1. Which ordering of Lys101, Lys423 is given by a fewest-first count of other beta-carbon atoms within 10 Å?
2. Using only DSSP helix segments of four residues or longer, with each worth -39500 (n - 2.57), what per-residue ellipticity at 222 nm results for the chain after dividing by its residue count and rounding to 500?
3. Using θ = phi - 60° and the Karplus form 6.51 cos²θ - 1.76 cosθ + 1.60, what ³J(HN,Hα) does each residue of region 411-423 get, whole Hz, x for Gly and Pro?
4. Net charge around Thr9, counting only other residues with Cβ within less than 9 Å of its Cβ (Lys, Arg = +1; Asp, Glu = -1)?
5. Evaluate E = 1/(1 + (r/R0)^6) for Lys29 and Tyr317, where r is the Cβ-Cβ distance and R0 equals 56 Å; express this FRET efficiency to the nearest 0.05.
6. Would you mind ranking Phe324, Phe113 so that the residue whose beta carbon has the fewest other beta carbons within 10 Å leads the list?
7. In µm²/s, what is D for region 304-392 at 25 °C and 0.890 mPa s, where D = kT/(6 pi eta Rh) by Stokes-Einstein and Rh is the Kirkwood radius from Cα pairs?
8. Could you sort out which of Lys264/Lys286; Lys311/Lys362; Lys229/Lys427; Lys5/Lys181; Lys30/Lys168; Lys301/Lys399 sit more than 18 Å apart by Cα distance in this structure?
Amino acid sequence: MIIMKFGGTSVGSAERIRNTAKIVKSNAKKRPVVVVSAVAKMTDALIMLANECREGKGNSALEHIKKIHYGILGQLGLNNELLEHDMAELENLASKSKNKKSDSRLLDCFQSFGERMSSKIVAAQLNKIGVKARAFDSWDLGFLTNSEFGNAEPLEASHARIKNSIRKLDAVPVITGFIGKTENGEITTLGRGGSDYTAAIIGAAVDADEIQIWTDVDGIMSTDPRIVKNAKTLDKISFAEASELAYFGAKVLHPKTILPAMDKGIPVRVLNSFNPKNKGTTILKKSGKNHRAVKAIACKKNVTRINVDSKRMLGAYGFLARLFDVFAEHKRSVDVVSTSEVSVSLTIDGNGNLEPILGKLKDIANIDMAKNKAIICVVGENMRQIPGIAGITFSTLGKDGINVEMISQGASQINITFIVDGKDAEKAVKVLHREYFG
Ligand code: ASP
């Protein structure tokens, strides 16, 4: 059994849905379980509808949502009846919500319609081309969550239920991604981009052979192709490598969303529905022996570097705890840290709203802050065994006159992370990519 998850662009128009259905058909022997996102940009449109309703409006947003869906149905030769029930329910929800305060519970309810409708269209198209398929709202197959609206987590009990329900089916299920229900029957969402998470949870529940994430790019790249034109698609990458890359700015799957698959050792493949022949990138628990020491280079701009210097740190205990407490109190996550006996350098995301933090830090140490810095992260599992990568990395930057301000290597030793000035960021990525990938 395989899970095939299609993102918004893969179901974004009649033509894309036709293409998606063909891809599913060509995998029919592998017993596909399909998970879909809403039609591209539909989740945003539904949020806009909810916001407009709060202000007593909403008609134009509703018209837009109808136009997009009915347009797709028309072009696919499918009857509007397919979505009539959902549209009526959405219309009813919109009119009931006029001039009412909205909260995340209500917002989740609005958003759910995107996936509820796209799943029906994809299932209908599959039937049309001779693949017996049936649309399911995830909860109908046992996908239950806690009641953290907007960021819900699946309940442990979901696994066995999902497995049981899917085993009994005699048609290809087309399941709503992103949404679930609490035990009390209230609709929840798993957070933006949550359909990948749905796919991984279902994949883990049914012990799938593979989880395919169909998107609009060829896979995970060696670096940002907007910076380096000849960035390469990576064949295989480990979960740990993907996590480092995602954290430091690469546009890859969010690692949290595929964790259930990794826990069970199920490979996750990122594929391009616009270029289905390309074999994409496979994310595995371990990427295996590969002679390349450096797999990818990520870059995250607009970070702030803070140097904290205090003689009181020397031989003292509890200083670092106090320091990081300041960031915790202000709910700011610290990304890169590097420390000596008397000083700590760290970075936080963004350049704004720092005054309250700096005020508190000044009470305990001398502070030096610089905005508009960039984090560069060189990632590769084989770096652990291959000597000299740090030497090559920093001498390459030195030769090109790029100043490195702070260096850090995590305990996993699969990355070398450092900070450069924002204006040098792209150049740093380019020269390193040239050095490691040619
Ligand atoms: N439709 C949802 C979103 O736009 C979830 C997803 O596509 O994964 O975030």
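Quick note: the coordinates plus some simple rules give every number you see, no bench work behind them. For clarity, every value in this text was computed on a predicted model and none was experimentally measured. Because the Cβ atoms are built from the backbone with ideal geometry, glycine has one as well, and the counts that use them run over all protein chains shown.
1. Details: Lys101 7, Lys423 11.
Ranking Lys101, Lys423 by Cβ neighbours within 10 Å, fewest first, gives Lys101, Lys423.
2. My calculation for the chain gives -12000 deg cm²/dmol from helical runs alone.
3. Rounded to whole hertz, the list is 4, 5, 6, 9, 9, 10, 10, 8, 10, 10, 5, x, 5.
4. That works out to 0.
5. Given R0 = 56 Å and the Cβ-Cβ separation, E is 0.35.
6. If I rank by nearby Cβ atoms, fewest first, I get Phe324, Phe113.
7. It comes out at roughly 168 µm²/s.
8. Going by Cα-Cα distance, Lys5/Lys181; Lys301/Lys399 fall outside the 18 Å limit.
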